[in-house]
Amino acid sequence: QVQLAESGGGLVQAGGSLRLSCAASGRICSGNVMAWYRQAPGKQRELVARITYGRNTNYSDSVKGRFTISRDNAKNTVYLEMNSLKPEDTAVYYCNLAIGTGNYWGQGTQVTVSS
């Protein structure tokens with residue numbers, strides 16, 4: 001069983017910064033991919049950023065240059081540093097872990113950016 005626990009969401013003004021964390025626990029093998037997704041009200045869940053075990057990264061065009069994904073493999077933890085936040089970044093952010101045994105999700109953390 002794999003569990004993901006997110007933290008770090010909150011309310012911030014436009015232009016501000018937040019850092020999300022997601023700690024994975026359970027039977028986790030190397031070679032996994034961790035990612036952050038988000039879902040705004042009335043919209044589909046979308047990929048924000050992804051990082052492989054070897055730390056190769058991908059970003060959505062909407063966050064490129066503003067967000068940075070990183071990970072600590074020893075702690076099975078992934079981070080999302082969010083800078084220059086915009087009101088359109090407002091969403092529930094979900095952590096995702098993809099490994100051979102399946103695809104796992106966190107419970108989500110709310111990020112609200114006020115204008």
Under 14 Å from the Cβ of Ser114, count the other residues' Cβ atoms, weight Lys and Arg +1, Asp and Glu -1, and hand me the total.
-> -1
Of the accessible area of the chain, with the probe set at 1.4 angstrom, what percent is carbon plus sulfur?
-> 45 percent
May I ask you to compute the full-extension gain from Ser30 to Ala14, defined as 0.36 nm times their residue separation minus their alpha-carbon distance, rounded to one decimal in nm?
-> 2.1 nm
Counting alpha carbon pairs within less than 8 Å and at least 6 residues apart, what relative contact order, in whole percent, applies to region 22-110?
-> 31 percent
Grab the other residues whose beta carbon is less than 11 angstrom from that of Glu81, score K and R as +1, D and E as -1, and report the net.
-> +2
Can you work out the PRE-style zone for Asn73? Point 7 Å along Cα to Cβ, and I want the residues of region 19-41 with backbone N under 13 Å.
-> 29-34
Cβ charges +1 (Lys, Arg) and -1 (Asp, Glu), total dipole of the chain, debye | 160 debye
Enumerate the residues in region 1-21 having an amide nitrogen under 20 Å from the point lying 7 Å beyond the Cα of Glu88 toward its Cβ.
-> 12-18
Accessible area in square angstrom per residue, region 1-82, 1.4 angstrom probe | 55 Å²
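The values are calculated or read from the model by the stated rules, or taken from the named source; none is laboratory data. Please read these numbers as outputs of a predicted model, since none were measured by experiment. Quick reminder, even Gly has a Cβ in these numbers, built from the backbone with ideal geometry, and neighbours come from all protein chains shown. All accessible areas refer to the heavy atoms of the entire protein, side chains included, with ligands and DNA or RNA removed. Shrake-Rupley method; radii C 1.70, N 1.55, O 1.52, S 1.80 Å.
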